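Student: Please read through the structure below; I'll follow up with questions.
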Amino acid sequence: MKTNCKICAIVFLLACTILSCKKTDKFYNKLQNLPQIDQSAANAYKSAYIVGDVMIITGSLQPKNNLQISIGGITADIVKTDSIKNPQQSLAGRRPFIDRVYVSITAAMVGKNQQVKVTSDGYSTIGPAIDVYTPGGRGSFSTSLFAAKLTDFSSENVLLYCQNGKGDVYYYVPDTQTIVHIKKDGTQQAVYNLSSLVPSLFLCGGVDPVGNKLFFSIQAAGIYGFYQLDLHSKAIVLLNQSVSLSAPYEGRIGSVHMVVTGVYPDSAGNLYLGLGQGNKQNMPFFLPDAIAKYSLADGKITYLYKSIVFGNSFTNMPGISLNAGNTPTGLRFSPDENLLYLLQTSYIDAVTGVIAIYDLSASLKIQEFTTSNTTDDASQYQAIAPLNGLHINMGEGSNPAWSFGFLPMTGRRLQMLLYQNYKQAVNYGFSKWIVLDFIDKRTYAYAPDNFSQNGYSFFTKDLLLNYDEEGNLYATGNNLSAIIKTQAN
């Protein structure tokens with residue numbers, strides 16, 4: 001009886017073992033059939049795509065087992081499949097090769113945090129979500145743009161800073177010592193004549209976005225004067241008078257020693273100031289010795305930044321040292337957003353451009369963007385893409401043949417004209433106006449197709465000045481010989 005019991009027990013154990021093995025085999029087969037996405041650094045897909053892009057998903061995807069891929073719940077068209085060597089033998093059961101599947105990104109998939117789902121042989125796996133954008137974006141035109149002359153201009157004139165989104169342009173005429181306003185329709189009117197101040201040099205000026213106050217800096221009889229002009233009453237106030245930039249640096253605006261070489265007003269009456277020495281006429285975006293803020297609330301000057309470039313030779317100058325780590329080539333302000341964009345080029349090569357973004361209210365760098373195409377291949381013409389996938393040659397922000405403008409627009413964006421005169425760019429549909437969107441971390445086309453320049457070009461001294469309510473852009477062109485306005489076809 002005991003022997004029979006032992007035999008029964010052995011048979012039972014064998015049956016259990018066989019059944020367990022069969023379950024294990026089934027579980028292993030299920031694992032083998034379960035699609036796996038390779039998210040290693042070499043093969044991970046991008047975090048954002050533009051409509052029209054092709055997304056490449058890599059892994060053990062079982063393309064012959066009724067493979068389906070959906071993005072944001074939309075079934076994607078599979079363009080093609082192929083395979084590559086398996087870079088990590090732990091993936092896909094040590095298979096020597098893994099699959100690559102190419103799918104089209106369509107308009108139906110547009111949105112943020114879109115689910116990526118891979119289904120093969122009835123089994124599904126979810127990959128990291130992606131963002132999908134349209135080629136255009138905020139403020140984009142539906143038709144192409146062309147250049148039209150708004151009015152003639154002279155390189156002797158001195159441009160004032162005015163970025164109010166209304167298309168206004170202000171400039172100073174040395175011959176008549178008059179500040180002139182150009183409206184967006186091209187009509188001009190004299191704003192104020194400075195002859196009573198006897199200026200020997202007009203350094204800079206700026207108009208607040210509301211259009212109430214105009215600020216300007218001049219030199220007269222060896223003294224630097226900084227003035228405020230009420231554009232309605234024409235009342236003028238002397239805010240500061242100094243012989244040089246020196247201590248005391250901070251305090252009430254009338255008590256400090258400063259030379260204003262750049263003025264960037266906000267809508268509330270506060271000013272961001274470029275401070276320094278020397279003649280920097282017609283260069284509203286040059287690099288000053290220091291950056292300071294004038295607060296309307298307390299009437300005081302406070303220094304924000306200085307560095308090897310800013311204020312190297314000034315003893316005990318206050319402010320944070322702004323060591324960019326590259327070669328600064330220019331700056332842009334968005335005063336109402338308290339933003340400073342510092343344009344740079346790499347110390348290593350001229351085709352690597354860097355834009356650092358600073359929050360001026362916190363004196364803190366909040367973002368940095370780098371782009372380069374050191375291999376000089378066709379990827380430099382793929383200009384509509386997530387920022388981390390860009391390989392454009394930005395031209396260090398100072399070579400207009402590569403890139404021109406960098407006009408701040410609300411929402412942490414910069415407007416630029418790309419490749420107006422660069423190699424074979426015309427074969428790829430350039431030149432184009434594109435927007436660098438630092439919040440969505442991508443670029444988008446400001447208008448479809450190429451920009452018709454109509455014989456106008458933008459050179460080193462030319463500036464992208466303003467935009468209007470319709471989105472038209474205003475710039476100097478042909479070496480400051482004309483004011484150009486973009487218009488839609």
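The values are calculated or read from the model by the stated rules, or taken from the named source; none is laboratory data. Keep in mind that this is a model prediction, so the values were computed, not measured. As a convention, Cβ positions derive from the backbone with ideal geometry for all residues, glycine included, and neighbour counts pool all protein chains shown.
Student: Residues of the range 247-266 being of a type in the set (Ser, Thr, Tyr) and at pLDDT 95 or above, which ones?
Tutor: TYR249, SER255, TYR264
Student: Now for a separate question. Scan TYR456, TYR444 and give me the residue that is over 21 Å from the mean Cα position of the chain (by Cα), under 24 Å from TYR381 (Cα atoms) and either surrounded by 22 or more Cβ atoms within 10 Å (Cβ to Cβ) or not acidic (Asp, Glu) (or both).
Tutor: TYR456
Student: Quick one: which strands (runs of 3 or more DSSP E) lie wholly within the range 140-200 and hold at least 2 residues that are closer than 24 Å to TYR272 by Cβ and in contact (Cβ under 8 Å) with a residue 24 or more places away in the chain?
Tutor: 169-173, 178-182, 188-193
Student: What do you reckon, is GLY206 touching a Leu at 6+ places or on another chain (Cβ under 8 Å) and part of a loop (DSSP other than H, G, I, E, B)?
Tutor: Against the criterion (touching a Leu at 6+ places or on another chain (Cβ under 8 Å) and part of a loop (DSSP other than H, G, I, E, B)), GLY206 does not qualify.
Student: Hey, another quick one. Could you tell me which numbered condition LEU150 fails, if it satisfies all but one of (1) under 21 Å from THR58 (Cβ atoms); (2) in the same structural domain as ALA447 (by TED's automatic domain parsing)?
Tutor: All conditions pass for LEU150, except number (1).
Student: Still on this structure, I have one more. Can you tell me which condition PHE314 does not meet? The list is (1) of a type outside the set (D, E, K, R); (2) part of a loop (DSSP other than H, G, I, E, B); (3) within 24 Å of ILE439 (Cβ to Cβ), and all the others hold.
Tutor: (3)
Student: Let me confirm something: among ALA107, ALA42, which residue is more than 30 Å from GLY165 (Cβ to Cβ) and either loosely packed, with under 13 Cβ neighbours inside 10 Å or polar (S, T, N, Q) (or both)?
Tutor: The match here is ALA42.
Student: With ASP99, ASP82 as the choices, which residue is outside any helix (DSSP H, G or I), surrounded by fewer than 18 Cβ atoms within 10 Å (Cβ to Cβ), acidic (Asp, Glu) and modelled with pLDDT of 85 or more?
Tutor: Testing whether each residue is outside any helix (DSSP H, G or I), surrounded by fewer than 18 Cβ atoms within 10 Å (Cβ to Cβ), acidic (Asp, Glu) and modelled with pLDDT of 85 or more leaves just ASP82.
Student: Further question on the same structure: If you scan the range 175-189, which residues turn out to be more than 33 Å from the chain's Cα centre (by Cα), exposed (fewer than 15 other Cβ atoms within 10 Å of the Cβ) and not acidic (Asp, Glu)?
Tutor: Residues satisfying the conditions are THR176, GLN189.
Student: Further, regarding this structure: Could you check how many residues of the range 439-468 are under 15 Å from ARG413 (Cα atoms) and either in contact with a His (Cβ under 9 Å, 6 or more places away or on another chain) or among the acidic types (Asp, Glu) (or both)?
Tutor: Total satisfying the criteria: 1.
Student: Out of GLN39, GLN62, GLN32, which single residue is at pLDDT 55 or above and assigned to a helix (DSSP H, G or I)?
Tutor: After ruling out the rest, the residue left standing is GLN32.
Student: Can I ask one more? Only one residue in TYR305, TYR224 is modelled with pLDDT under 95, touching a strand residue (DSSP E or B) at 6+ places or on another chain (Cβ under 7 Å), in a strand (DSSP E or B) and assigned by TED's automatic domain parsing to the domain that holds VAL169. Which one?
Tutor: That would be TYR305, the only listed residue that is modelled with pLDDT under 95, touching a strand residue (DSSP E or B) at 6+ places or on another chain (Cβ under 7 Å), in a strand (DSSP E or B) and assigned by TED's automatic domain parsing to the domain that holds VAL169.
Student: Is it the case that the range 327-349 has a residue that's under 21 Å from TRP433 (Cβ atoms), basic (Lys, Arg) and either part of a strand (DSSP E or B) or touching a residue at least 40 places away in the same chain (Cβ under 8 Å) (or both)?
Tutor: yes
Student: Same structure, new question: Does ASN326 count as over 16 Å from the mean Cα position of the chain (by Cα), surrounded by 18 or more Cβ atoms within 10 Å (Cβ to Cβ) and among the polar types (S, T, N, Q)?
Tutor: Considered against the rule, which asks whether it is over 16 Å from the mean Cα position of the chain (by Cα), surrounded by 18 or more Cβ atoms within 10 Å (Cβ to Cβ) and among the polar types (S, T, N, Q), ASN326 comes out as yes.
Student: Quick check: is even one residue across the range 339-352 modelled with pLDDT under 90, touching a Phe, Trp or Tyr at 6+ places or on another chain (Cβ under 6 Å) and crowded, with 23+ Cβ neighbours inside 10 Å?
Tutor: no
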